[in-house]
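Notes to accompany the following structure.
The values are calculated or read from the model by the stated rules, or taken from the named source; none is laboratory data. Please read all numbers here as calculations on a predicted model, not as lab measurements. All Cβ positions, glycine included, derive from the backbone under ideal geometry; neighbour counts span all protein chains shown.
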Amino acid sequence: MLKIIHNKLEERYIEILECFCGKSDLPELYTRHELLSKDIIIDKLLASNIPETSQEILIQLATKLRSINSEQFQKLSEKKALRDSLISLRWLAYSIGLFSNNYISTNIPYKENELYMNVTPRLFTKIGGASIMNFPDYPHLKIDRGIGNIEENEFAKRLAFQKDFYNFTSKKRRKNYAIRNI
């Protein structure tokens, strides 16, 4: 199922890439395809099979994007903050989040367990990242990383929790592996 989703996302991405760059192949490493002129991009978007509401958004984005030559690409790539936010259309990036509104248990019949998936394309935003998550008391929650300040003692508590959690799950995996291989 994930491969089918990936293939569909890649097909849509290639369609957008062709509208913006006139290309459908992966750019050379450390490069990005040059953009077509804004008029050509808009004409290609309007002639595409992309839904009208998405066309409107992409046309707005086309007015803000500009080509990056290989020299500029190298300069932008040297700084992570610039690379992640200014170099779009490099290739397909997305995140997938799996979640349930209830605790999923092996004691509940398979068909009664509800599992949801959220796919978040990252075409014009920072590459990669967490998907929008769902919690029972809130319809959707998006986590913004690197926002705000955290006190040192709070950071130390969170780090200790993460280490304990890692150790707990690692021991459980090692124990389960040992039991299966006896």
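Values for this structure:
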{"quantity": "Condition broken by residue 89, with the remaining ones in (1) among the hydrophobic types (A, V, I, L, M, F, W, C); (2) surrounded by 16 or more Cβ atoms within 10 Å (Cβ to Cβ); (3) at pLDDT 75 or above satisfied", "calculated": "(3)"}
{"quantity": "Selected residue (only one of 60, 55, 74 is buried (at least 16 other Cβ atoms within 10 Å of the Cβ) and among the polar types (S, T, N, Q))", "calculated": "55"}
{"quantity": "Tally, over segment 12-52, of residues that are buried (at least 18 other Cβ atoms within 10 Å of the Cβ) and among the hydroxyl-bearing types (Ser, Thr, Tyr)", "calculated": "1"}
{"quantity": "Selection count where residues are over 28 Å from residue 45 (Cα atoms) and at pLDDT 75 or above, scope segment 92-106", "calculated": "2"}
{"quantity": "Test: residue 49 is at pLDDT 90 or above, polar (S, T, N, Q) and part of a loop (DSSP other than H, G, I, E, B)", "calculated": "yes"}
{"quantity": "Residues (closer than 15 Å to residue 49 by Cα and not charged (D, E, K, R)) located in segment 1-33", "calculated": "9, 13, 14, 16, 17, 19, 20"}
{"quantity": "From 18, 78, residue being modelled with pLDDT of 80 or more and not assigned by TED's automatic domain parsing to the domain that holds residue 117", "calculated": "18"}
